[in-house]
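Input: a single structure, listed below in structure tokens.
The values are calculated or read from the model by the stated rules, or taken from the named source; none is laboratory data. As the structure is a computational prediction, the values presented were derived from the model and not from experiment. Counting neighbours? That spans all protein chains shown, and the Cβs are built from the backbone with ideal geometry, glycine included.
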Amino acid sequence: MAQYFEVHPQNPQPRLLKQAAALLQQGQVLAIPTDSSYALVCVLDDKNAVDHVRRIRGVDDKHLLTLICKDLSELASYAKVDNRQFRLLKQATPGPYTFVLEASKEVPRRVSHPQRKTIGLRVPDYPVVRELLDLLGAPLLASTLILPGDEIPLSDPAEIREQLEKELGAIVDAGSVAVKPTTVLDLTTMDGGGDATVLRAGQGDLDKLGLSL
């Protein structure tokens, strides 16, 4: 049975986030709010938790999971980043962008794409997530909370509780969030002097980065 933590979206209570962080460290899967939707999250190095995220989502190992990092330096520890890629990342973080990059050796092979060896990475600008990451001292592996057969993410914590209370360690409730996906950029296409490829236009402003569809 999931624990339920009601937090303020801009000034989340540290006591409640500490309890949520402890559950993550124990290998639990949580539902948390982000700047784009609610997401399922777990720690990176717990295989059972990662498998549980995939079961809830109904996806296989070819579905790209996203690593949520607290800052650019942490992101660069989990992906291979050259100078051009780093400059673009610096412009875009923190913010509503997801970047596809070649995974470094710090990323377990089971959570990177099995053929391409890539990983999705984010540095969100959302207080609940950022403070949770500070408490953990490590990134979170995440997947947008879309249930099998649905086309849009769950955005109401009461509905999440109704449908997933028996599947989760906890639900962090910061109220309903707007469902608008991140902009997804494939930076692996910058290798050899190419440009970043826009895989999905979302919240993140492309003009800010000098990109277009």
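What do you reckon, is Val129 closer than 23 Å to Pro12 by Cβ and not acidic (Asp, Glu)? So that I can check it myself, show each step before the final result.
Values: closer than 23 Å to Pro12 by Cβ: yes; not acidic (Asp, Glu): yes.
Spelling it out, Val129 is indeed closer than 23 Å to Pro12 by Cβ and not acidic (Asp, Glu).
Sort out which residues of the range 189-213 are within 19 Å of the chain's Cα centre (by Cα) and either under 21 Å from Val7 (Cβ atoms) or surrounded by 20 or more Cβ atoms within 10 Å (Cβ to Cβ) (or both), and write them in order of number.
Restricting attention to the range 189-213, the residues satisfying the condition of being within 19 Å of the chain's Cα centre (by Cα) are 198-205.
Gly204 - this is the single residue of the range 189-213 that is within 19 Å of the chain's Cα centre (by Cα) and either under 21 Å from Val7 (Cβ atoms) or surrounded by 20 or more Cβ atoms within 10 Å (Cβ to Cβ) (or both).
Within the range 168-185, count every residue that is under 17 Å from Ala22 (Cβ atoms) and either under 15 Å from the mean Cα position of the chain (by Cα) or of a type outside the set (Gly, Ala, Ser) (or both).
Quick first cut of the range 168-185, residues under 17 Å from Ala22 (Cβ atoms) only: 168-172.
Right, trim to either under 15 Å from the mean Cα position of the chain (by Cα) or of a type outside the set (Gly, Ala, Ser) (or both) and you get 168, 171-172.
Residues in the range 168-185 being under 17 Å from Ala22 (Cβ atoms) and either under 15 Å from the mean Cα position of the chain (by Cα) or of a type outside the set (Gly, Ala, Ser) (or both): 3 in total.
With the condition kept exactly as written, say whether any residue in the range 105-123 is in contact with a Pro (Cβ under 6 Å, 6 or more places away or on another chain) and buried (at least 20 other Cβ atoms within 10 Å of the Cβ). I'd like the intermediate steps shown before the answer.
Initially, the range 105-123 is screened for residues in contact with a Pro (Cβ under 6 Å, 6 or more places away or on another chain), giving 123.
Retained after the next criterion (residues that are buried (at least 20 other Cβ atoms within 10 Å of the Cβ)): 123.
Yes, the range 105-123 contains a residue that is in contact with a Pro (Cβ under 6 Å, 6 or more places away or on another chain) and buried (at least 20 other Cβ atoms within 10 Å of the Cβ).
One residue is enough: does the range 147-167 have a residue meeting the conditions in contact with a strand residue (DSSP E or B) (Cβ under 6 Å, 6 or more places away or on another chain), part of a loop (DSSP other than H, G, I, E, B) and at pLDDT 95 or above?
So far as the range 147-167 goes, no, none of its residues is in contact with a strand residue (DSSP E or B) (Cβ under 6 Å, 6 or more places away or on another chain), part of a loop (DSSP other than H, G, I, E, B) and at pLDDT 95 or above.
Does the range 24-45 hold any residues that are surrounded by fewer than 19 Cβ atoms within 10 Å (Cβ to Cβ) and at pLDDT 95 or above, and which are they?
If the condition is that a residue be surrounded by fewer than 19 Cβ atoms within 10 Å (Cβ to Cβ) and at pLDDT 95 or above, then Gln25, Gln26, Gly27 are the ones that fit.
Between Leu121, Leu72, Leu64, which is touching a Gly at 6+ places or on another chain (Cβ under 6 Å) and without any contact (Cβ under 8 Å) to a residue 60 or more places away in the chain?
On the way: Leu121 fails: touching a Gly at 6+ places or on another chain (Cβ under 6 Å); Leu72 fails: touching a Gly at 6+ places or on another chain (Cβ under 6 Å).
Leu64 is the lone residue from the list that is touching a Gly at 6+ places or on another chain (Cβ under 6 Å) and without any contact (Cβ under 8 Å) to a residue 60 or more places away in the chain.
What residue, among those in the range 154-186 that are among the hydroxyl-bearing types (Ser, Thr, Tyr) and surrounded by fewer than 22 Cβ atoms within 10 Å (Cβ to Cβ), is nearest to Leu67 (Cα to Cα)? Break it down into steps so the answer makes sense when it comes.
Quick first cut of the range 154-186, residues among the hydroxyl-bearing types (Ser, Thr, Tyr) only: 155, 176, 182-183.
Within this subset, residues satisfying the condition of being surrounded by fewer than 22 Cβ atoms within 10 Å (Cβ to Cβ) are 155, 176.
Details: Ser155: 20, Ser176: 23 Å.
The extreme case among them is Ser155.
Given the conditions (1) more than 18 Å from Asp134 (Cβ to Cβ); (2) surrounded by fewer than 20 Cβ atoms within 10 Å (Cβ to Cβ), report the number of the one that Pro94 does not fulfil.
(1)
Considering only the range 32-109, give the helices (runs of 4 or more DSSP H) lying wholly within it that have at least 2 residues that are over 20 Å from Leu164 (Cα atoms). Break it down stepwise before answering.
Working: elements: 47-57, 72-78, 83-92.
Once the helices (runs of 4 or more DSSP H) in the range 32-109 are filtered for at least 2 residues that are over 20 Å from Leu164 (Cα atoms), what remains is 72-78, 83-92.
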